[in-house]
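All remarks here apply to the structure that follows.
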Amino acid sequence: MPTPSRDAGTGSPPPLARRRNRPLALGVTGVALAATAGFAARAVWPSAAHPVTDTTSVPVATAAVIRTDVSARDVVAGTLGYAGSFSVINELGAGILTWLPGLGTVVRRGQPLFQVAGQPVLLLYGPLPAWRDFVPGMAPGSDVRELQRNLAALGFAPGSADGQFGPSTEAAIERWQRARGLTVTGSILLGQVAFLPGPLRVTATAAPLGAPVAAGAAVLSGTSDAPAVTVALNAGGPTVQPGDPVLVTMPNGTATVPGVVASVGRVASVPAASAAGQGSGASVATIPVTIKVSMSGVPAGLDQAPVQVAITQQRDSGVLAVPVTALLAQPGGGYAVRASGPAGRLIPVTTGVFDDATGLVEVAGRGLTTGLTVQVAQS
């Protein structure tokens with residue numbers, strides 16, 4: 001019985017499989033699936049070498065040849081968590097922690113991060129950390145512009161965000177302080193606000209409530225509230241770049257969520273155990289990859305959960321495709337499909353991309369047309 005391959009008898013990929021946008025390392029799954037389909041089909045369909053006179057007991061079905069997009073994917077393990085890692089430092093001065101948020105709490109713009117001696121530290125958004133007091137007469141700067149944008153987002157418009165601390169900015173701060181129940185001063189002293197890139201999902205506190213905290217000490221740590229998947233790709237393995245689409249399978253093994261590669265590390269690293277000689281086998285260098293996924297598609301409460309990530313390595317658009325189970329392995333190598341109907345003519349085909357996610361395979365052959373029905377093996 002011949003063993004199916006993507007180009008049996010030649011040892012090289014068939015012509016369609018050479019048409020790719022990037023180097024392809026076809027996953028074992030696609031080949032195994034094709035081999036299984038070919039084995040089952042050869043047990044069903046007649047050939048010159050192995051005629052079958054009675055197939056009435058073997059269930060068969062039909063499927064139409066379709067024109068569609070197919071993709072070859074490599075599947076790797078990943079971890080579902082949240083993007084980013086941030087620490088919040090106490091710049092108010094030494095004192096006692098009088099309030100802390102609970103673990104898992106998401107703190108948003110204008111909300112308190114913690115309190116020292118009853119004084120709240122409020123979260124504002126921005127990439128630049130606070131480094132001086134915000135007071136009338138201060139020199140203009142990007143930190144002032146950052147503050148002005150936050151005041152506007154909170155509904156206390158200071159006029160234009162020009163980086164100048166003028167009367168309109170002072171008045172906006174006073175309105176904000178009054179609305180928050182704070183002492184109205186028109187100024188914000190260093191430590192009263194903390195700037196982070198966005199919302200903070202609290203994952204740890206450095207000290208318990210009631211403990212003393214020094215100036216400059218870390219009080220909270222956390223992540224953003226945006227779900228993300230991290231993957232450690234073997235160096236030389238699947239090729240990805242920012243913006244590439246991927247498909248993430250949730251821990252239940254059935255639900256899938258589309259994702260997009262957000263970042264790819266520039267430096268490969270070896271796991272600590274392998275570097276120290278504690279691991280078994282040769283050390284494998286890996287590259288960190290971060291993938292953005294839709295928040296609406298992630299089940300609530302999942303953090304540091306194992307997932308599977310399907311990385312597209314080749315995509316062919318607008319090609320003819322049939323179910324993999326329609327392929328028949330031929331005695332001399334290669335594949336064919338059998339048209340449905342009384343004649344049941346055998347059509348030799350050249351295979352291209354095996355799409356594990358859809359169970360389709362790209363095919364080309366004389367006589368293949370969109371809408372033609374072919375027989376498929378049925379379990």
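Couple of notes before you dig in:
- Hits in the range 129-141 - residues which are under 17 Å from Leu151 (Cβ atoms) and in contact with a strand residue (DSSP E or B) (Cβ under 6 Å, 6 or more places away or on another chain): Ala130, Phe134
Conditions tested, residue by residue: (1) in contact with a strand residue (DSSP E or B) (Cβ under 7 Å, 6 or more places away or on another chain); (2) not assigned by TED's automatic domain parsing to the domain that holds Thr249.
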position: Ala300; (1), (2): no, no
position: Gln304; (1), (2): yes, no
position: Arg338; (1), (2): yes, yes
position: Val353; (1), (2): yes, yes
position: Ala357; (1), (2): yes, yes
position: Thr369; (1), (2): no, yes
position: Thr373; (1), (2): yes, yes
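- Some residue of the range 107-128 being among the aromatic types (Phe, Trp, Tyr), closer than 16 Å to Glu146 by Cβ and either modelled with pLDDT of 95 or more or not assigned by TED's automatic domain parsing to the domain that holds Ala305 (or both): yes
- The range 96-136, residues that are aliphatic (A, V, I, L, M) and outside any loop (DSSP other than H, G, I, E, B): Ile96, Leu97, Val106, Val107, Leu113, Val116, Val121, Leu122, Leu123, Leu124
- Complete set of residues in the range 229-261 that are surrounded by fewer than 17 Cβ atoms within 10 Å (Cβ to Cβ), among the small types (Gly, Ala, Ser) and modelled with pLDDT of 90 or more: Gly243
- Yes/no for Ala179 being closer than 15 Å to Leu113 by Cα and either part of a strand (DSSP E or B) or in contact (Cβ under 8 Å) with a residue 12 or more places away in the chain (or both): no
- Test: residue in the range 305-318 that is more than 30 Å from Thr290 (Cα to Cα) and either acidic (Asp, Glu) or crowded, with 21+ Cβ neighbours inside 10 Å (or both): no
- The numbered conditions (1) surrounded by fewer than 19 Cβ atoms within 10 Å (Cβ to Cβ); (2) in a loop (DSSP other than H, G, I, E, B); (3) touching a strand residue (DSSP E or B) at 6+ places or on another chain (Cβ under 6 Å); (4) not aromatic (Phe, Trp, Tyr) are all true for Thr79 except (2).
- Scanning the range 291-331 for residues being within 11 Å of Glu362 (Cβ to Cβ) and among the hydrophobic types (A, V, I, L, M, F, W, C) gives a total of 5.
- Selection status of Ser294, under 24 Å from Gln241 (Cβ atoms), under 13 Å from the mean Cα position of the chain (by Cα) and surrounded by fewer than 19 Cβ atoms within 10 Å (Cβ to Cβ): yes
- Checking the stated criteria, Ser317 turns out not to satisfy the condition of being out of contact with any Ser or Thr (no Cβ under 7 Å at 6 or more places or on another chain), at pLDDT below 95 and not in a strand (DSSP E or B).
- Filter result for Gly93 (at pLDDT below 95 and not in a strand (DSSP E or B)): yes
- Residues of the range 182-215 classified as part of a loop (DSSP other than H, G, I, E, B) and within 19 Å of Leu147 (Cα to Cα), total: 13
- You will find that of Ala206, Ala218, Ala226, Ala194, the residue that is of a type in the set (A, V, I, L, M), in contact with an Asp or Glu (Cβ under 8 Å, 6 or more places away or on another chain) and surrounded by 14 or more Cβ atoms within 10 Å (Cβ to Cβ) is Ala194 and no other.
- When Pro127 is tested against the conditions (1) crowded, with 17+ Cβ neighbours inside 10 Å; (2) in contact (Cβ under 8 Å) with a residue 40 or more places away in the chain; (3) within 34 Å of the chain's Cα centre (by Cα), the lone failure is (1).
- Residue in the range 157-174 that is under 18 Å from Trp131 (Cβ atoms) and in a helix (DSSP H, G or I) present: yes
- Look at (1) modelled with pLDDT of 75 or more; (2) crowded, with 16+ Cβ neighbours inside 10 Å and you find that Ser274 fails only one, number (1).
The values are calculated or read from the model by the stated rules, or taken from the named source; none is laboratory data. The structure presented is a predicted model; accordingly, all values stated were derived computationally and were not measured. Cβ: placed from backbone, ideal geometry, glycine included. Neighbour counts: every protein chain shown.
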